[in-house]
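Enquirer: The structure follows.
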Amino acid sequence: MSLPDRISRCFFANLYIHQQNKGVMIGHIDGCVQPGSPRLCLDHLDGIDAKKKEFSVGSIRNGKKKLIGVIGLGSVGRALMAVMGYFYDVVGYDIIGEHVWNTILDCEAVFVCVQTPESSNGRLDCSHVDQVLERLSEDRYGGIVIIKSTLGVGYMDNASEINPDLKLVYSPEFMSEKNAFIWTANPDRIVLSGKHEHMGYAENLYSWARDAKIIRTDYKSAEIGKLAHNSLIALKVTFTNTMEDISESYGANPEHVMKIVYTDRRIGNSAHFEPYKGPYGGKCVPKDTAELINAFGEKAKLLKVADEINQGLKESSSSKQTVSRNLQKER
């Protein structure tokens, strides 16, 4: 069985353990390792018997694997826990549910995966990240803090000044919520920003991503790069909708038109170039595009025009009975 398939099956087992043990920990998922250590045999994943309980949860640290923490157990955090559970002891923490914060403080590194929704002024609301960093700083956490959440422009430089004692790395997530576990198991690139020694440690933690392109850069470039990625999706969808409108007004076939476009070897696939899918939406593409528009104003006028076109499509979509694109967490 391939690693992605095993990870997908592992996720459902993780949900079971989470329910049985209130999400306190997940670890040693790939086989039974040490007596008394948290473990789950993959042989039993097809039908876990709640009465037999084919797993055991004991002490978290066994001295043989790194203890890694994940803060924020949404789609990004859960997928990360499922994958890392093959290689490390992993503990999770979230404000929802019963979780033990002090266990996070024992971790060699923590991944911050909390939400950063759009605020009333169109910028990203990073207050949840602020709260996590403040708490880690107050508790004098000494491990590496790897932030996966999408951040607003200039956030990391400011966070480094406010929390000089924290070892911060920004490593934004790029995944589709629908395929979160497969994309986390098989990333096409890993972006790292921060101090050289901290990036090196973080890179080594991505032990499963051997084929991924490693991109080391500065905080600002990582922030803009993440936002630019989702903004390009917005532009592709807007372009497709524009070509659909032009094609129909001229009597051409929009699907054939776009197939002529995306079969070019420099483009390579049809992602976001398929007509009749409506305006872009979802949790991430709109808010990340809005962050660049509101952060840079006139410099982002191309994105602003795309956003205005998209808003117009949303307003007219009900009369046309089109289905809004679901671009949930295209990261």
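Enquirer: Scan the stretch 238-268 for residues that are in a loop (DSSP other than H, G, I, E, B) and not basic (Lys, Arg) and report the count.
Expert: Going through the stretch 238-268 one residue at a time, the tally reaches 7.
Enquirer: If Ser231 passes every condition in (1) loosely packed, with under 13 Cβ neighbours inside 10 Å; (2) within 28 Å of Leu80 (Cα to Cα) but one, which one does it miss?
Expert: (1)
Enquirer: While we're on this one: Report yes if some residue within the stretch 269-291 is exposed (fewer than 14 other Cβ atoms within 10 Å of the Cβ) and assigned to a helix (DSSP H, G or I); otherwise report no.
Expert: Checked against the condition, which is being exposed (fewer than 14 other Cβ atoms within 10 Å of the Cβ) and assigned to a helix (DSSP H, G or I), the stretch 269-291 yields no hits at all.
Enquirer: Please work out which residue is surrounded by the fewest Cβ atoms within 10 Å (Cβ to Cβ), limiting yourself to the stretch 240-268 and to residues that are more than 18 Å from Ile309 (Cα to Cα) and of a type in the set (Val, Ile, Thr).
Expert: Ile260
Enquirer: Of these, Cys113, Cys126, which one is in contact with a Phe, Trp or Tyr (Cβ under 7 Å, 6 or more places away or on another chain) and modelled with pLDDT of 95 or more?
Expert: Cys126
Enquirer: Still on this model: Can you find a residue that is modelled with pLDDT under 90, of a type outside the set (Ser, Thr, Tyr) and under 16 Å from His229 (Cα atoms) anywhere in the stretch 283-290?
Expert: Taking the stretch 283-290 first, the residues modelled with pLDDT under 90 are 283.
Going one step further and asking which of them are of a type outside the set (Ser, Thr, Tyr), we end up with 283.
Those still in the list that are under 16 Å from His229 (Cα atoms) too: 283.
The answer is yes, given that some residue of the stretch 283-290 is modelled with pLDDT under 90, of a type outside the set (Ser, Thr, Tyr) and under 16 Å from His229 (Cα atoms).
Enquirer: Filter the stretch 194-225 for residues that are more than 25 Å from Asp288 (Cα to Cα), hydroxyl-bearing (Ser, Thr, Tyr) and not in a loop (DSSP other than H, G, I, E, B) and give the result.
Expert: Tyr201
Enquirer: Next up: Quick check on Arg210: is it surrounded by fewer than 17 Cβ atoms within 10 Å (Cβ to Cβ), in contact with a His (Cβ under 9 Å, 6 or more places away or on another chain) and either closer than 28 Å to Lys259 by Cα or of a type outside the set (Asp, Glu) (or both)?
Expert: Criteria not met by Arg210.
Enquirer: Would you point out which residue out of Ser316, Ser270, Ser221 is in contact (Cβ under 8 Å) with a residue 24 or more places away in the chain, more than 21 Å from Gly122 (Cβ to Cβ) and not aliphatic (A, V, I, L, M)?
Expert: Working: Ser316 fails: in contact (Cβ under 8 Å) with a residue 24 or more places away in the chain; Ser270 fails: in contact (Cβ under 8 Å) with a residue 24 or more places away in the chain.
Within the list Ser316, Ser270, Ser221, the selection yields Ser221.
Enquirer: Quick check on my filter: what residues within the stretch 287-308 are farther than 18 Å from Thr242 by Cα and either more than 22 Å from the chain's Cα centre (by Cα) or of a type outside the set (Val, Ile, Thr) (or both)?
Expert: Selection gives Lys287, Asp288, Ala290, Glu291, Leu292, Asn294, Ala295, Phe296, Gly297, Glu298, Lys299, Ala300.
Enquirer: Could I ask something else about it? From the residues in the stretch 292-325 that are of a type in the set (Val, Ile, Thr) and surrounded by fewer than 15 Cβ atoms within 10 Å (Cβ to Cβ), which one is modelled with the highest pLDDT? Spell out how you get there, then give the answer.
Expert: So the first thing to find is which residues in the stretch 292-325 are of a type in the set (Val, Ile, Thr), and the list is 293, 305, 309, 322-323.
Now drop any that are not surrounded by fewer than 15 Cβ atoms within 10 Å (Cβ to Cβ), which leaves 305, 323.
Working: Val305: 95, Val323: 47.
Restricting to residues being of a type in the set (Val, Ile, Thr) and surrounded by fewer than 15 Cβ atoms within 10 Å (Cβ to Cβ), the top hit is Val305.
Enquirer: On to the next question. Determine, yes or no, whether Ser193 is crowded, with 22+ Cβ neighbours inside 10 Å and more than 14 Å from the chain's Cα centre (by Cα).
Expert: yes
Enquirer: Condition test on Ser75, is it modelled with pLDDT under 95, within 27 Å of Leu227 (Cβ to Cβ) and assigned by TED's automatic domain parsing to the domain that holds Trp183?
Expert: yes
The values are calculated or read from the model by the stated rules, or taken from the named source; none is laboratory data. From a predicted model like this one, the values you see are computed outputs, not experimental measurements. Because the Cβ atoms are built from the backbone with ideal geometry, glycine has one as well, and the counts that use them run over all protein chains shown.
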